[in-house]
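Take a look at the structure below.
Nothing in this text is a laboratory measurement; each read-out follows from the coordinates by a stated rule. None of these values were measured; they are calculated from a predicted model. Here Cβ is always computed from backbone atoms with ideal geometry, including for glycine, and neighbour counts include all displayed protein chains.
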Amino acid sequence: MGRTGHELAHDSGFNNFDYRVAGDVRDPYPELAEARINTPVLAADQMAVDQNAPGSFVVFRHEDVARVLRDSEVFSSTILGDVMGEVMGHKIILAMDEPEHRRHRSLVSTAFRQSSLARWEERLVTNVVDDLIDKFVDEGKAELVIDFTFPFPTQVVAGVLGLPREDYLDFQRWAVAIITANAEWERGLKASSELKDYLANILDQRRTEPRDDLISDLAVASLDGEQLDDESIFSFLRLMLPAGVETTFRSSGNLLYLLLTHPDQLVAVRDDRSLMPQAIEEALRLEPPLLITTRVATKDIEMHGVHIPKGSSVTPMLGAANHDPDQYPDPDRFDIFRDPKQHMSFGTGPHMCIGMHLARMETRVAVNRLLDRLPNLRFDPEAFERDDPHIHGQIFRSPTSLPVIWG
Amino acid sequence: MGLKISIDATKCMGSGNCLFWAPGAFELGDDDVAVVVDVNAATERQIMQAVDGCPTQAISVTKD
């Protein structure tokens with residue numbers, strides 16, 4: 001280690017999950033609000049001549065998003081395998097339907113329980129976070145996207161998997177390349193194959209000598225005497241990169257941005273840390289790191305008078321559901337004191353985010369340690385004026401930068 | 001006035017989200033099905049948040 005985030009950033013474009021993937025949009029919410037009211041089921045390819053041919057549809061209202069995510073018989077997840085399979089592997093639980101999905105999920109779910117994660121909080125997450133803060137704490141200023149929110153979730157996931165610390169930088173490079181595969185396909189495929197070889201080696205070691213880590217858990221996991229095959233294990237481990245690294249990188253940045261731009265609420269959380277969980281949930285609701293997922297209709301259906309032919313893609317717009325005024329009064333306002341209510345940023349239904357307890361815990365620890373160690377944390381007014389930091393993106397969203405000072 | 005909580009074990013997927021919303025009221029059994037351990041450990045509001053947050057709508061509540 002010993003290299004700073006800045007050095008890594010200047011290395012070769014491995015410093016961000018760039019906007020070619022995220023979409024170049026500053027505020028999608030006015031448009032989403034209009035769609036929620038006027039075209040709750042939007043045909044994204046209205047030029048199609050044949051009304052019965054499969055098309056692409058987007059749903060915006062909270063109730064419809066919930067229905068699509070909960071009814072996995074009508075709205076199948078298999079379409080996600082078409083999109084992600086080549087890079088992530090073809091046995092990703094994200095793209096499975098019931099009952100196969102439930103069986104696979106139960107093989108890995110124990111490791112992601114709240115109670116199983118407690119061991120990582122002290123031993124891993126606090127250390128990762130403190131090591132990162134150590135590097136800039138004496139400077140009096142930092143850019144928290146590069147110095148903090150970008151590196152910390154990768155290192156947490158690497159630690160949970162049980163990878164040696166000296167391999168974290170390699171892991172980070174593979175993670176970025178795989179996550180941005182849509183923008184640089186060859187680089188993504190190459191990283192995917194390198195990561196698989198690397199993990200195969202570790203998996204072999206853990207089969208012989210299991211340790212207290214996730215790869216060992218997966219190596220010995222069994223259901224009805226049946227073990228996970230290697231392809232399932234590699235698929236699951238690679239899925240941890242977009243699902244476990246990128247989302248938390250973005251969501252922790254969004255939380256910090258929202259607190260820094262609402263100093264009264266930042267002070268409230270700083271002075272009463274029991275408010276942290278609801279601050280985390282409110283930031284996830286208002287600014288989800290990922291705005292969409294996709295399903296495919298397994299039969300012809302009607303929604304709000306719109307005919308959706310079998311085989312059509314149906315995209316629940318999570319970001320629109322989270323701003324539905326039927327569910328969340330004054331939905332565009334950041335208010336950590338609002339009556340908390342489940343948002344859609346972790347999804348719902350049988351595929352609800354298996355890593356949500358990890359995400360909540362690592363974000364809580366990360367922001368708590370920042371507030372502990374950086375007194376009077378605030379935006380750097382000069383850099384704020386110059387750089388206009390803001391939350392950005394259409395599909396993925398996170399702050400462009402977080403220039404802060406303290407003391 | 002007390003709350004009576006029931007969990008449909010055939011629907012429960014073991015997400016553990018109820019443990020987050022209503023700490024102390026629920027636990028996950030070894031079979032990955034949530035069970036009610038102490039209805040009084042959480043407020044009524046927290047219990048209702050757990051009901052709302054359940055991904056498979058497996059929790060129902062009645063008042064007696």
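Can you tell me how region A:352-407 classifies by the Cα gyration tensor, rounded, prolate or oblate, using a/c under 1.5 as the rounded cut?
Note, shape of region A:352-407 comes out oblate.
Between A:Ile308 and residues 5 or more places away or on another chain, which pairs have amide H atoms under 5 Å apart, with H built 1.01 Å from N, and which residues are they?
Amide H neighbours of A:Ile308, under 5 Å, 5+ apart: A:Ile301, A:Glu302, A:Met303.
Count, for each residue of A:100-109, the Cβ atoms from other chains sitting within 10 Å of its Cβ, then give me the mean as a whole number.
2
Rounded to whole Hz and in sequence order, give me ³J(HN,Hα) for region A:278-285 from the Karplus expression 6.51 cos²θ - 1.76 cosθ + 1.60, θ = phi - 60°, writing x for Gly and Pro.
6, 5, 4, 5, 5, 5, 4, 5
Within straight cross-link reach of B:Lys4, meaning Cα distance under 15 Å, which aspartates and glutamates are found once same-chain residues fewer than 8 apart are removed?
Result set, ordered by chain and number: B:Asp38, B:Glu44, B:Asp64.
In what sequence, highest mean first, do A:150-157, A:98-105, A:242-249 appear when ranked by Cβ atoms within 10 angstrom?
Result, highest mean first: A:150-157, A:242-249, A:98-105.
Can you give the helix-only mean residue ellipticity at 222 nm for the protein assembly as shown, where every DSSP H stretch with n ≥ 4 adds -39500 (n - 2.57) and the sum goes over all residues, rounded to the nearest 500 deg cm²/dmol?
My calculation for the protein assembly as shown gives -13500 deg cm²/dmol from helical runs alone.
Under a crude label model (7 Å from the Cα following the beta-carbon direction), how far is A:Asn376 from A:Asp326 in nanometres?
Rounded to a tenth, the inter-label distance reads 4.9 nm.
Run the numbers for A:Ser106 and A:Asp130: contour at 0.36 nm per residue of separation, minus the present Cα-Cα distance, in nm.
The A:Ser106-A:Asp130 span can extend by a further 5.3 nm.
Could you grab the Rg to Rh ratio for chain A? Cα atoms only, Kirkwood for Rh.
When Rh is taken as the Kirkwood radius, the ratio is 0.96.
Could you calculate the contour length gain from A:Asp387 to A:Asp230, that is, 0.36 nm times the residue separation minus the distance between their Cα atoms, to one decimal place in nm?
The A:Asp387-A:Asp230 span can extend by a further 51.9 nm.
When a/c is below 1.5 the answer is rounded, else prolate if a/b is larger than b/c, else oblate, so apply that to region A:324-363 with a ≥ b ≥ c taken from the square roots of the Cα gyration tensor eigenvalues.
Oblate, since a/c reaches 1.5 and b/c is not below a/b.
Quantify how strongly other chains surround peptide B:26-34 by giving the mean number of their Cβ atoms within 10 Å of each of its Cβ atoms.
Per residue, the average neighbour count from other chains is 2.
Order of A:182-194, A:250-262 by packing, highest average Cβ count within 10 Å first?
Those peptides, ordered most packed to least, come out A:250-262, A:182-194.
I need the calculated FRET efficiency for the pair A:Leu275 and B:Asp8, taking r as the beta carbon distance and R₀ as 35 Å, to the nearest 0.05.
0.60
Would you mind calculating the relative contact order of region A:5-405 from Cα pairs under 8 angstrom and at least 6 residues apart, reporting the percent as a whole number?
29
May I ask you to evaluate 6.51 cos²θ - 1.76 cosθ + 1.60, the Karplus curve with θ = phi - 60°, for each residue of region B:26-41 and list the ³J(HN,Hα) values in order in whole Hz, giving x for glycine and proline?
Karplus values, whole Hz, x for Gly and Pro: 10, 9, 9, x, 4, 7, 6, 10, 6, 10, 7, 9, 7, 5, 8, 6.
Measure out, as a whole number of angstrom, how far apart the alpha-carbon centroids of region A:159-175 and region A:221-262 sit.
14
Rounded, prolate or oblate: which fits chain B, taking a ≥ b ≥ c as square roots of the Cα gyration tensor eigenvalues, rounded meaning a/c under 1.5, else prolate when a/b beats b/c?
Prolate.
Across bins of 5 angstrom width beginning at 0, how are the C-alpha pair distances of region A:56-146 distributed, in whole percent?
Values per bin, smallest distances first: 2, 10, 12, 13, 12, 13, 13, 12, 8, 4, 1, 0.
Taking amide hydrogens as modeled 1.01 Å from N in the peptide plane, which residues meet the under 5 Å criterion relative to A:His392, leaving out close sequence neighbours?
Under 5 Å from the amide H of A:His392: A:Ser398, A:Thr400.
Shielding by partners for A:347-358, please: the mean number of other protein chain Cβ atoms within 10 Å of each residue's Cβ.
Average neighbour count from other chains, rounded to a whole number: 4.
Using the alpha-carbon centroid of each, what span in Å lies between region B:1-38 and region A:340-407?
Centre-to-centre (Cα) distance: 29 Å.
Distance cut-off 26 Å, Cα to Cα: go down the list A:Lys91/B:Lys11; A:Lys190/A:Lys310; A:Lys91/A:Lys310 and report the pairs above it.
A:Lys190/A:Lys310
Of the listed peptides A:343-349, A:25-31, what is their order by residue-averaged count of other C-beta atoms within 10 Å, with the highest listed first?
Going from most to least packed, we get A:343-349, A:25-31.
Rounded to the nearest 0.05, what FRET efficiency do A:Thr208 and B:Arg45 have when you use their Cβ-Cβ distance and R0 = 60 Å?
The value I calculate is 0.75.
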